[in-house]
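Written out below as structure tokens is the structure these notes cover.
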Amino acid sequence: MTYTQKTQALVSGIQEWIRCESPSSSSEGVAAMAKLVQEKAAEAGLRVEVTSIGDEVGPLVYVTNRAKEDDRPGILILGHLDTVHPIGTLQENPCRIEDDRLYGPGSYDMKAGIYLALTAMMDLAEPNATPLPVDFLMVPDEETGSHASRPSIEQYAANAKYGLVCEPARPDGGKCVTARKGTGMLRLNVKGRPAHAGMQHEKGRSAIREMAHQVLALEGMTDYERGVTVSVGTIAGGTVTNTVPGRCRCVVDFRVPDMDAADGVIGRMRSLRAVDPDVELDIDVELNRPPMVKTEASAALLQMAQACASKAGFALEDAPMTGGGSDANFTSAMGVPTLDGLGADGDGAHTLNEYILVSTLEMRQEFWAKLLCELD
């Protein structure tokens with residue numbers, strides 16, 4: 001296929017970023033990615049700050065066109081530098097173009113998304129080039145829950161009028177996201193009583209047997225009509241086959257559409273009781289991403305974004321609520337009108353067939369430029 005010079009430039013830049021493998025598990029890889037972002041933003045005259053937020057994760061990158069004395073609430077763009085793909089994935093999913101698809105690990109989720117937003121911002125580097133100051137925060141640990149970066153996200157969100165998130169557009173049309181389920185985790189440890197399985201079986205209290213009861217209770221909390229899912233994701237217990245197992249543990253994922261549902265599920269989990277009175281349960285449950293609920297303010301923001309998308313040459317549709325969480329959950333929960341899924345159009349997130357659609361890149365970048373110029 002033949003592309004314009006601008007599209008070819010976008011492809012070249014995105015390919016460079018894809019080839020910089022930056023899994024969450026490699027702070028060095030994420031740091032290398034942060035350096036690429038820092039260099040490109042600084043070349044355009046944007047103010048850049050790179051901050052360490054811990055030894056176990058890469059750095060946080062903050063880019064802005066905000067004048068130093070300008071403390072007005074502005075536009076907060078969020079993106080992440082990390083991917084789920086381990087070092088070496090390029091060998092299995094090499095960076096290449098086939099037909100209209102640009103393949104490569106992290107291409108869709110979400111290197112192309114942050115590249116499009118940043119290059120749009122580069123043309124607006126001067127303070128007051130946009131009606132509102134623009135702050136772009138790129139975090140190193142979104143794929144593992146944003147545990148280290150959440151305080152920084154919330155710090156910047158406290159001075160944001162709007163939130164725009166570079167997560168990939170939904171497949172089959174490039175829809176954006178205005179609602180996400182909240183995500184939570186339960187760690188359940190069962191303490192039974194070990195005993196010889198042959199000679200003193202009656203003296204044992206099986207932690208695995210107790211866990212079987214608890215797994216059924218937990219999975220039974222799923223309510224599809226309410227939009228609640230509970231999934232026991234991992235389980236481990238016992239020591240050797242000829243011993244009644246004295247320990248068992250599991251980790252549970254749960255998703256909720258709103259805070260009422262979250263409170264209900266968490267309350268039920270904390271109320272779990274052992275079926276065997278001689279067995280102990282240790283329950284640790286948390287909601288690590290609050291639900292992103294569509295509000296009147298975010299609906300109004302969507303209308304403005306749709307007008308900008310139309311001017312850029314495509315229709316921006318609103319996707320149904322998605323079960324996956326993102327950093328948009330944090331800004332939305334703070335009352336900041338937030339749109340997510342504004343990144344590249346493509347498919348295959350977290351797979352070895354991840355790709356973006358090259359023919360949409362120029363329109364998507366123009367959309368970002370128009371949106372930053374029209375929000376006030």
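Looking across segment 66-83, the residues that are part of a loop (DSSP other than H, G, I, E, B) and open to solvent by less than 10 Å² (accessible area, probe 1.4 Å) come down to Leu81, Asp82. The condition (being over 17 Å from the mean Cα position of the chain (by Cα) and surrounded by 24 or more Cβ atoms within 10 Å (Cβ to Cβ)) is satisfied by just one residue among Val63, Val50: Val63.
Residues of segment 264-301 that are part of a helix (DSSP H, G or I) and either open to solvent by 70 Å² or more (accessible area, probe 1.4 Å) or under 26 Å from Glu143 (Cβ atoms) (or both): Val265, Ile266, Arg268, Met269, Arg270, Glu296, Ser298, Leu301. Exactly one of these conditions fails for Tyr162: (1) in a strand (DSSP E or B); (2) surrounded by fewer than 23 Cβ atoms within 10 Å (Cβ to Cβ); (3) not aliphatic (A, V, I, L, M). Give me its number. Result: Tyr162 fails condition (2) only.
Quickly run through segment 165-192 and pick out the residues that are open to solvent by 40 Å² or more (accessible area, probe 1.4 Å) and farther than 25 Å from Arg364 by Cβ.
Start the filter on segment 165-192 by keeping residues that are open to solvent by 40 Å² or more (accessible area, probe 1.4 Å), which leaves 170-173, 175, 185, 187, 189, 191.
Residues satisfying the conditions are Met185, Arg187, Asn189, Lys191.
Only one entry of Thr351, Thr360 meets the criterion of being outside any strand (DSSP E or B), within 21 Å of Asp82 (Cα to Cα) and open to solvent by 10 Å² or more (accessible area, probe 1.4 Å), and that entry is Thr351.
Among the residues making up segment 147-158, those that are closer than 19 Å to Val37 by Cα and either in a strand (DSSP E or B) or of a type in the set (Gly, Ala, Ser) (or both) are Ser149, Ser152.
One residue alone among Glu49, Glu56, Glu21, Glu28 is part of a helix (DSSP H, G or I) and not β-branched (Val, Ile, Thr), and that residue is Glu28.
Just checking, how many residues over segment 84-140 are assigned to a loop (DSSP other than H, G, I, E, B) and aromatic (Phe, Trp, Tyr)? Walk me through it before giving the result.
Quick first cut of segment 84-140, residues assigned to a loop (DSSP other than H, G, I, E, B) only: 84-88, 92-95, 99-100, 104-106, 123-133, 140.
With the extra rule that they be aromatic (Phe, Trp, Tyr), the set shrinks to none.
Of the residues in segment 84-140, 0 are assigned to a loop (DSSP other than H, G, I, E, B) and aromatic (Phe, Trp, Tyr).
Taking segment 104-151 as the range and being of a type outside the set (Gly, Ala, Ser), open to solvent by less than 20 Å² (accessible area, probe 1.4 Å), under 18 Å from Gly343 (Cβ atoms) and over 17 Å from the mean Cα position of the chain (by Cα) as the test, the residues that pass are Leu116, Leu118, Thr119, Met121, Val134, Asp135. The condition (being surrounded by 21 or more Cβ atoms within 10 Å (Cβ to Cβ), closer than 24 Å to Arg364 by Cα and in contact (Cβ under 8 Å) with a residue 40 or more places away in the chain) is satisfied by just one residue among Val11, Val37, Val30: Val37.
The values are calculated or read from the model by the stated rules, or taken from the named source; none is laboratory data. Please read these numbers as outputs of a predicted model, since none were measured by experiment. Note that each Cβ is placed from the backbone with ideal geometry, even for glycine, and that neighbours are counted across all protein chains shown. Heads up: the accessible areas ignore ligands, DNA and RNA and are worked out on the full protein's heavy atoms, side chains in. Shrake-Rupley method; radii C 1.70, N 1.55, O 1.52, S 1.80 Å.
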